[in-house]
Amino acid sequence: MQYKNKRINSTSRQNGFKKTALAATLAAVSCAHLTYAQESAGSANSEMLEEVIVKGARATIQTTIDIKRNSTTIVDGMSANDIGDMPALSIGEALESITGASSHRENGGATEISIRGLGPYLSATTFNGRNASNGSGDRSVNFSQFPSELINKLAIYKTQDASLIEGGVAGLIALETVKPLEFGKPRLQVEAKAGYQPNQQNITDSMSGDVGFRGSASYVDQFEFDNGMALGISLGYEQSDIAQPESEMRASSPSGSSLFACINDPTVTNRGYYQPSAGDCEDPTDGPSNSGDYNTEINPDTGEAYDAGKDYAFAPSSNSYRQNDTSDEREAFFAAVQFQPNDKTDINIDYQTSERIQAEKRHDLNFANQKRTTPGVTPENLVVSDTGAITNWVGETAIESNSELYRRDEDYTGYGVNVAYALTDELTISADYSFSETTRIENQMLLRTQSDNRNVFAEEVSQYRPLVQWDRDSGIRQYQITGFDITDHTLFSDRYRARIDSDVDRTNTIEAFRADFDWRLDGAITAIKGGVRFSELEYLDMGPTVRNEFEVTIGEHEFLSQVNQTCAIEFPESDFMATERDGALFTILDDQGNIAKEVNSWATFDTACAVSMLAEHTDNSTDFPEMPESKAGTTDVTETTNAAYIMADFDSDFMSKTIRGNFGLRVVQTDVTSIGYRTPYTIATSDNDILSLVPVEGADLERVEAGGDYTEVLPSINLIVDLREDLMLRGAIYRGLSRPEPADMSYQRGFTVSSEEDITELDELIQNVSGDGNPNLQPLTSWSFDTAIEWYPNQDTMLAFGLYHKEFQGGFETTRTTEEFLIDGQVVPADFDLTKTNEDASSLTGFEVTATHNFSYLPGFLSGFGFKASYNYADSDFEFEDSNYGDLTVRDDEGNVVYETDGIVEPGNVPGFSDHVFSGQLYYSVGEFDASLIYKYRSEYFQPYTSNGTRLRFVGDTGVWETRLSYYITDNVRLSLEGINLFDEPKRQYHYTRDNLGEVNSYGPRVFFGVKAKFL
C-alpha cells in the first residue's frame, strides 16, 4: 500500500468524516454563528497570517476567549497553539489562571483545584473525557501528577449538560491531550529546563543536587493513504528531577487526640493549667487521662455546656520546627493513535502512564510537652486570645531531635479506546472504553532522640525538661531555652527510638464504558443526543500503619554514645526560616538567664545510620514490614454506577434574536459495596441459657460486607441569546451531585463484648461498637442557577460578568443508629454512631468578572501590552461543625436527641470554600519576545484532613506572584525563563480557629530556564 507522509488537507475531506462526525459537536455553535463564519471565511488568509504572528500569552488568551465564546455551557479554559506551549510549570498552575479556579498548594506547587471557591470534593475531573483516578482516597485529582508539557487543552465547565459525566456540583475540570489528525501537521520537538531554587542552594549535599532538571520530547505525525485512509500518531515523554525543599513550623494537629482545649481558669484546680502539681493539662487529678479538657456536652439542668463560662486554651501535645530536603522524580509517557479507515469512521486510542517518586529527609526539633503545666510558671505566663489560641507559653518540656526518611511512590496508568461511526449524514454513534488506575505506597523510617539529665556519657550536665519560653511576636514561634544547648549532639542522650513504618498502600481503579448517539435534525431542534455509561470504581486502602518499633534507653549509654558520635551530622541548611523569623529562632540562656548563644539550627543525626545501628544492636530488621491483605482497618470499596441521558440541542429566532442551547435529563444509579474485616465470634449458650460472645481462637479475621445505593435525576438546560454579533446573554439551570469520598464509605467495625454475666438477649451481647465509615453515605446535591453576559468586541478583548446561585441539599451529621451484625449465623443488633448525609438545606451565591484586552492600537512599544484579570466572590451559609469542639447533635434513627453539645469553635464553611479568588496577568508580546507577570490570590478556606475529615483546619490567605519570559532566537528555537512564588509566600494553617497558628510552610521561589527546539 502506497502512502505519503504529509500534512492532511482537511478541505479535501470536507465531504468525509469531518463533515459528519465532527459536526456533531459543533452543530449548535455553527448554526448560531453561520453569518459570522461566512464573513470570517472571506478574510481567512488574513486571519491565518495573524495566527502565525500572535504567540505566547496573547495567543493563549485568544484561545481562552474562543473556548468561552464557542461553548454552549458556561466554560472557561485555555489551549496550547502548539504542543508543550501550555503556559505553566504544572497543570495546577495553569488551571489557577482560569477564572474562578484556585489551588491548594503542597510543597510549593498547585495540587488540588477549587472552582468558584468550592473545594475539590465538589468538583469532578476528566482526562480525555474520562474519570481519572487518584491515590489520596478522595475524588480530587493531584494535578502535579500530569506534566503540563504533554497537555494540550484545559477547560472548566461551570454549568453542566446531560452529556457530561456527573459528580461535580462546583464544576467539571477537563484535561485533553492532542488528537494527531486534528493537530493537522507533523511536529518533532524537544525541551529541556534547568530548575533553580535559592533555598536548595542553602542545603548541604541536597538530594536533587544544586540544579533540577525537566525534559520532554514529543512527536506528532499524520499519514494519508491513497485509498482514503488516514492515520495519526502522537508520542510524548517527560522526565523531571527537581527539589522542593521546605522549612516548616509545626504543632500537633487536631486530626487525632493531640490537641485539647484545656481549662485556663484559676478557680478550677482539679484539671487544666491551675493544677497543684505538674502534669498534662487535659489529665484530671481524679479521673482517666485525656478526660479533663473543656466539656462541651450540654447539662440538661442548665441547658448550657458543663464548662460554660470557663476560660480555655488550645494546647498541642508538641510544637516543632522541621528542616526538609526533598526530591521529586517523575517519568511520564503519553501516546495516541487516531485512525480514519474511511470517511465514516474515526478511531482514537490513547495511553498515559506516570511514575512519580517523592522522597524527603526531615529533621525536627520537637518540644514534646506543650500540654504540660508547671505550677507557678505556666498559668501565670500564659497569653491566650479570645478564641483560645496561645500566643505566649512558659514551662518545662522535654526536647527531641527527630529525623525521618520518607518516600512516596505513585504510579498512574490510563488508557482508552473511542470509536465513532457515521451511520448516515445525520446520525453518528460512538462507543468508548476507558481504564484508569493509581497506586500509592508510602514508607517512613524514623529516629527519635530525647533530652535527659545526663549526656550520652552519663554525665549530669543537663535537664530532662529544661525551662522553655516561646511567643509569636514575629508571627511564628520563637524560643528562649534555659540551660540546654540544642546544638550539642551529646545532650540528646535518651530513648533512641526507631520506627520502620509502612504507612500507605492504596489502589484506586476506574473502569468505564459508554455509548452515545448524535442525531442531527432540521428545524428548531437541531440535534437529539443520548447515551448510556457504565462505570466501576474500586478503592482499596490496606489500612493504618504497620510498624516495627525498637528503642534503646540511656541505661546503655556506652552504646548510645557510639550511635551519637557516629551518626551526628551538621545541620543541613543555612538561613533556615530566614524570610519568616525576626532575629534568631532559638535563644539559649544559661542558668542565670544570660544569653549564651542565638541559633537557627539544632543537633541533627543521619537517620539511616542511627536506625541501622539500633536495629543491629536490638536484633531487628530495617526492612519495611509488609501490610497484610486483610486487617481491621482495611478499606475496600466498590462503587458501580449506571447512567443514561437524553439531550436536545435547539436553535431558533425569537423577537429577531437568535436563541440556542440545549436541554436534557441524566439519570444516575449508584450501588456501593464495602468490605471489612473483624474478629470472628461464636455465640455460646450455657446450660442456664446464658449467652456470651467467644472469640474463635486462632482464626483469621472474618470478612464482612455492607452496602448502600442511591438514584438521582439530573435535569439541565443551557440557553444563549445572541443580543448582537459581539454580545451574548447566557443562562443555565441544572441539578448536580457530588459523591462521598471513597475513603468515607469504608466498613470498619469492631466490638467490645459486654462484661455482664446474665445475658439472655442477643441485643445485650455487645457493649459498644467501634469503627469508621458509612457505605450508605448519600451524595450532596444542588440546584444551580447561572446567568452571564459576555462582550467580545475583537479577538483580543472580552468582558464577561456572571452571577450564580446554588441550593445545596445535604449536610453531615452524626447519627446513633442500630446496625445489625451477623454473628455465628444469628443477627445481633447494636448501636453505633456514624456520619450520615442529612436533609439540611444551604445555599451559595456569587459572581465572577473576567476582562481581557490587548493594547495593539497604542503607538510604539506600548502596542505589545495586554492583560487578563478575573475575580470571583461567593458567600455561603453552609456550616461544617468540628467533631470535637463544635455544636453537635446526635440523634437516633427516630430523630430523638441522644447527645448534644454547645461548641466553642465557629463552624467551617464548605470544604475548600474561599470568599475571594483573584487572578491577574499583565503581559507584553511583540514579535519573538513574550513576557508575563501573574498574581494569584485566594482568601482563607477550610481544608479537611484526609486522615480525619471531621476536624477543622483553615488555610490562610495566599497571594503568589509568578513570571514567564520567552524569546524565539529562530523560528524553531525558543528560550524561556519561568518563576513561581517569586516572593516566598508561605502557607499558613490554623487549627480549630482562624488564629490558632498550627503550621507555617516556607518553600521559597523556583526558577526554570528552558530551551525548546522544533525539528518538523
Discussion item. Principal axis extents for the stretch 663-730, Cα atoms only, whole Å, descending order, please.
Written reply: 89, 25, 14
Discussion item. With unit charges on the beta carbons (Lys and Arg positive, Asp and Glu negative) and the dipole taken about the Cα centre of the chain, which residue among Phe821, Met745, Val563 sits farthest to the positive side?
Written reply: Met745
Fill in: the chain - share of DSSP beta bridges that are antiparallel (%, nearest 5)
95 percent
Practice prompt. May I ask for the Kirkwood hydrodynamic radius of the stretch 525-614, worked out over all distinct Cα pairs and given in angstroms to one decimal?
Written response: 19.6 Å
Worksheet item: Distance in nm between label sites at Asp386 and Glu819, each 7 Å beyond Cα in the beta-carbon direction?
Response: 4.2 nm
Worksheet item: Radius of gyration and Dmax for the stretch 139-207's Cα atoms, expressed in Å?
Response: 18.6, 56
Discussion item. Could you work out how much longer the chain between His805 and Thr267 gets when fully extended? Use 0.36 nm per residue separation minus the Cα distance between them, nm to one decimal.
Written reply: 188.7 nm
Worksheet item: So what is log10(I(q)/I(0)) for the stretch 576-700 at q = 0.13, 0.14, 0.18, 0.23 1/Å, when the Debye sum runs over its Cα atoms only?
Response: -0.94, -0.99, -1.14, -1.26
Worksheet item: With each label point set 7 Å from Cα along the Cα-Cβ vector, what nm distance links Val753 and Leu665?
Response: 5.5 nm
Worksheet entry | Kirkwood-based shape ratio for the stretch 792-865, expressed as Rg/Rh from alpha carbons | 1.55
Discussion item. Quick check: pseudo-label points 7 Å beyond the Cα along Cα→Cβ at Ala644 and Val377, how many nm apart are they?
Written reply: 7.4 nm
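Could you size up the charge dipole of the stretch 265-310 around its Cα centre, putting +1 on the beta carbon of Lys and Arg and -1 on that of Asp and Glu, and report it in debye to the nearest 20?
Value, rounded to 20: 120 debye.
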Worksheet, complete the sentence: Listed with the fewest Cβ neighbours within 10 Å leading, Met207, Met655 appear as Met655, Met207
Worksheet entry | Given charges at beta-carbon only (K, R positive; D, E negative), |dipole| of the chain in Debye | 5080 debye
Fill in: Centroid-to-centroid separation of the stretch 708-769 and the stretch 519-590 [C-alpha atoms, Å]
28 Å
Item to complete: With an 8 Å cut-off on Cα pairs and a minimum separation of 6 or more residues, tell me the relative contact order of the chain in percent.
Response: 12 percent
Worksheet item: Mind checking the angle between helix 557-567 and the chain's longest principal axis? C-alpha axes, 0 to 90 degrees, to the nearest 10.
Response: 30 degrees
Discussion item. Just to confirm my numbers, what's the Cα centroid distance between the stretch 802-823 and the stretch 105-178 in Å?
Written reply: 24 Å
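Using 0.36 nm per residue, how much length does the chain from Ala359 to Ile429 gain when fully extended, once their Cα-Cα distance is taken away? Before the final figure, lay out the partial values.
Values: separation 70, 0.36 × 70 = 25.20 nm, distance 4.71 nm.
That works out to 20.5 nm of additional length.
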Item to complete: Set the Förster distance to 60 Å, then compute FRET efficiency between Ser652 and Asp301 from the Cβ-Cβ distance, nearest 0.05.
Response: 0.30
Item to complete: Could you please tell me the mean projected area of the C-alpha convex hull for the stretch 326-473, averaged over all directions and given in square nanometres to one decimal?
Response: 17.6 nm²
Discussion item. Quick check: residue separation of Asp687 and Glu900 times 0.36 nm, minus the Cα distance between them. What number comes out in nm?
Written reply: 72.4 nm
Worksheet item: Taking the Cα atoms of the stretch 265-310, what is the range of coordinates along each of the three principal axes, in descending order and whole Å?
Response: 33, 21, 12
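Which whole-number percent of Cα pairs in the stretch 449-488 have a distance greater than 11 Å? Don't skip to the end; give the middle numbers.
Numbers: 529 of 780 pairs.
It works out to 68 percent of all Cα pairs.
Starting from the Kirkwood Rh over alpha-carbon pairs, what translational D in µm² s⁻¹ does the stretch 704-745 have by Stokes-Einstein at 10 °C and 1.306 mPa s?
On the way: Rh = 14.3 Å.
Translational diffusion coefficient: 111 µm²/s.
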Worksheet entry | Helix-derived mean residue ellipticity, 222 nm - over the chain, DSSP H n ≥ 4, -39500 (n - 2.57), to 500 | -2500 deg cm²/dmol
Worksheet item: Around Asn418, with a cut-off of 14 angstrom between Cβ atoms, what is the net charge of the other residues, counting Lys and Arg +1 and Asp and Glu -1?
Response: -3
Discussion item. How large are Rg and Dmax for the stretch 657-813 when calculated on the C-alpha trace, in angstrom?
Written reply: 27.7, 92
Worksheet item: Got a sec? Charge dipole of the chain, +1 on Cβ for Lys and Arg, -1 for Asp and Glu; which of Asn131, Phe855, Ser114 is way out at the positive end?
Response: Phe855
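If we count every other residue with Cβ under 15 angstrom of Gln469's Cβ, Lys/Arg +1 and Asp/Glu -1, where does the sum land?
On the way: positive: Arg372, Arg465, Arg472, Arg477; negative: Glu380, Glu396, Asp471, Asp473, Asp590, Asp591, Glu598.
Neighbourhood net charge equals -3.
Counting only C-alpha contacts under 8 Å and six or more residues apart, can you give the relative contact order of the stretch 270-374 as a whole percent? Spell out each step's value before the answer.
On the way: 166 pairs, mean separation 32.2, N = 105.
Over the stretch 270-374, the number comes to 31 percent.
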Discussion item. One quarter of the convex hull surface, Cα atoms only: what value does that give for the stretch 530-569 in nm²?
Written reply: 6.9 nm²
Item to complete: Return one quarter of the surface area of the convex hull spanned by the alpha-carbon atoms of the stretch 881-1016, equal to its mean projected area, in nm².
Response: 13.2 nm²
Discussion item. Name the residue from Gly543, Phe954, Phe865 whose Cα lies farthest towards the positive end of the charge dipole of the chain, charges +1 on Cβ of Lys and Arg and -1 on Cβ of Asp and Glu.
Written reply: Phe865
Worksheet item: Given the C-alpha centroids of the stretch 214-263 and the stretch 380-449, what is the distance between them in whole angstrom?
Response: 12 Å
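Per residue and in cubic angstrom, what volume does the convex hull of the Cα atoms of the chain have? Show your work: numbers first, answer last.
Values: hull volume 204.9 nm³, N = 1016.
Hull volume over Cα atoms, normalised by residue count, gives 202 Å³.
With Cβ to Cβ distances under 11 Å as the rule, what net charge do the other residues near Arg951 carry (K, R +1; D, E -1)?
Details: positive: Arg953; negative: Glu881, Asp882.
Here the charged neighbours net out to -1.
With the contact rule set at Cα under 8 Å and sequence spacing of 6 or more, what percent relative contact order holds for the stretch 265-310? Could you put the intermediate results ahead of the total?
Numbers: 62 pairs, mean separation 10.5, N = 46.
It comes to 23 percent, rounded to a whole number.
Against the 2.2 N^0.38 Å scaling, with N counting residues, where does the stretch 570-612 land? I'd like the Cα-based Rg ratio to two decimal places.
Numbers: Rg = 13.8 Å, N = 43, 2.2 N^0.38 = 9.2 Å.
After normalising by residue count via 2.2 N^0.38 Å, the value is 1.50.
Quick note: the coordinates plus some simple rules give every number you see, no bench work behind them. What you are looking at is a predicted structure, and each value in this text was computed from that prediction instead of being measured. Backbone-built Cβ (ideal geometry, glycine too); neighbour counts: all protein chains shown.
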